[in-house]
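Student: Got a structure for you, written out below as structure tokens; questions coming shortly.
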Amino acid sequence: MAAQPVLVPEPAEALPDLDLGGDQGLLQWISSVDHKQIGIMYLWVALLFMLIGGVEVLLMRVQLAVPKNTFMGPEIYNQLFTMHGTTMIFFVAMPAIFGFATYLVPLMIGANEMAFPRLNALSLWVTFFGGLLLYFSFLAGGAPDAGWFNYAPLNQYNYSFRPGIDYYCAGLLLAGIGTVSAACNFVVTILRYRVPGMGLKQLPVFVWMMLIDSFLIIFSFPALNAALAMLLLDRQLHAHFFDVHAGGSALLWQHLFWLFGHPEVYIVILPSFGILSEVFAVFSRKPIFGYSFIVGSGIAIGLLAFGVWIHHMLAVGLGNVVNGFFSASSMLIGIPTGIKIFNWLATMHGGSLRFSTAMKFAVAFLVEFTIGGLSGIAFAIVPIDLQLTDTYFVVAHIHYVFIGAPCLGCWRACSTGFRR
């Protein structure tokens, strides 16, 4: 029987080249669902907002440089103060950790891609546009001016009649949707897309920390999103959730905000802990000391993080029983954190240390974060907290923690710390 001829189709007419600059053009990046490119774009978003937040704090420091300075008025200062804190926490620290995790986690577990690539891209762009919406408030009549924590009753329309608070709610709601979506994506990716044969006990420490981190986000961010939605209803439809004169509760905002706000500290820190665990092991030329304790202490931090939020509210008058319970739990969470410090020191002890740039930053983290952690223990002691509330001691503590972890831990150490 004669062989049937093979029909070769005519080559299709070439599509017009939509690439805006070669294989890595702008359009290709914007439309990408590749986890590496999305991770890099997360880092660019973090860098952009870090520059903006840095300019804001420089302007604030100019105002505070000399007494009776008239460089800016109190209204502008309050807006910059609010925008700086909000920017650095929601649009610098969060995109930074997601950038590193989005790039590295699939590679470290042998997955080809994130579980939901399009959701991964959506999380990035929703977060980015949430930040743009927040900053649009400057053009819409004034930025939010009630502090990054946005306490009631200052966030009510009677006290902040400009639309800045409304943009604060809308921008953070958008960013919160992106953050929760990304966390769900990480959970599914880590639990279901590991290379065959890799059990949970074989996961790198960084991947473990991101898994714990994702569960923290899933259970804490809804409290913030609910509070933002309630505040928006208060301001636009007079719902009176936080209006004391109409039967609402100003403390309800604090409870909901800090129910998110204290886990947020560990949401930012835990991925840095994972990165630094890898850095210490690599540049000490020995396996991480106490892998099980490193992972177990991370899980303990994740669980205890939801039982300490009222140490931000010890001065509001909730009573000795409540204050005592949360004071004890706040001191208790220092134990798993301290375990990690000793694990890292034990990893370096007896190792063949190589003080590369990454290792120097990691050691600097140990010093900086220990200062921040010990100053945090002071806030767990009620009599001390009553004296230190709303002082520069609090400002110093939060900057030691946030600069010690995301900046020293992530920005430089991760760039070279995963090379072997």
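Student: Tell me which of these Val321 doesn't satisfy, since it passes every other one: (1) farther than 19 Å from Leu276 by Cβ; (2) surrounded by 14 or more Cβ atoms within 10 Å (Cβ to Cβ); (3) out of contact with any Leu (no Cβ under 8 Å at 6 or more places or on another chain); (4) not basic (Lys, Arg).
Tutor: Unmet for Val321, out of (1) farther than 19 Å from Leu276 by Cβ; (2) surrounded by 14 or more Cβ atoms within 10 Å (Cβ to Cβ); (3) out of contact with any Leu (no Cβ under 8 Å at 6 or more places or on another chain); (4) not basic (Lys, Arg): (2).
Student: Is it fair to say Phe81 is surrounded by fewer than 16 Cβ atoms within 10 Å (Cβ to Cβ), closer than 19 Å to Tyr168 by Cα and not aliphatic (A, V, I, L, M)?
Tutor: no
Student: As an exercise: evaluate His245 against (1) of a type outside the set (Gly, Ala, Ser); (2) closer than 28 Å to Leu386 by Cβ; (3) at pLDDT 90 or above and give the number of the one condition it does not meet.
Tutor: His245 satisfies all of (1) of a type outside the set (Gly, Ala, Ser); (2) closer than 28 Å to Leu386 by Cβ; (3) at pLDDT 90 or above except (3).
Student: Which residues, counting only those in the stretch 346-376, are within 25 Å of Ile301 (Cα to Cα), in contact with a helix residue (DSSP H, G or I) (Cβ under 6 Å, 6 or more places away or on another chain) and either at pLDDT 90 or above or among the polar types (S, T, N, Q) (or both)?
Tutor: Within the stretch 346-376, Thr347, Met348, Ser375 meet the criteria.
Student: Still on this structure: Among the residues in the stretch 154-171, are any touching a Leu at 6+ places or on another chain (Cβ under 6 Å), of a type in the set (A, V, I, L, M), under 25 Å from Ser249 (Cα atoms) and assigned to a helix (DSSP H, G or I)?
Tutor: Yes, because at least one residue in the stretch 154-171 is touching a Leu at 6+ places or on another chain (Cβ under 6 Å), of a type in the set (A, V, I, L, M), under 25 Å from Ser249 (Cα atoms) and assigned to a helix (DSSP H, G or I).
Yes or no, residue by residue, for (1) in contact with a Phe, Trp or Tyr (Cβ under 9 Å, 6 or more places away or on another chain); (2) small (Gly, Ala, Ser); (3) at pLDDT 95 or above:
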residue	(1), (2), (3)
Glu56	yes, no, yes
Gln63	yes, no, yes
Asn69	no, no, no
Thr82	yes, no, yes
Thr86	yes, no, yes
Gly99	yes, yes, no
Pro106	yes, no, yes
Pro117	no, no, yes
Gly142	no, yes, no
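Student: Restricting attention to the stretch 279-290, report how many residues are surrounded by fewer than 24 Cβ atoms within 10 Å (Cβ to Cβ) and under 24 Å from the mean Cα position of the chain (by Cα).
Tutor: Going through the stretch 279-290 one residue at a time, the tally reaches 0.
The values are calculated or read from the model by the stated rules, or taken from the named source; none is laboratory data. Because the structure is predicted, anything quoted here is derived from the model rather than measured. Counting neighbours? That spans all protein chains shown, and the Cβs are built from the backbone with ideal geometry, glycine included.
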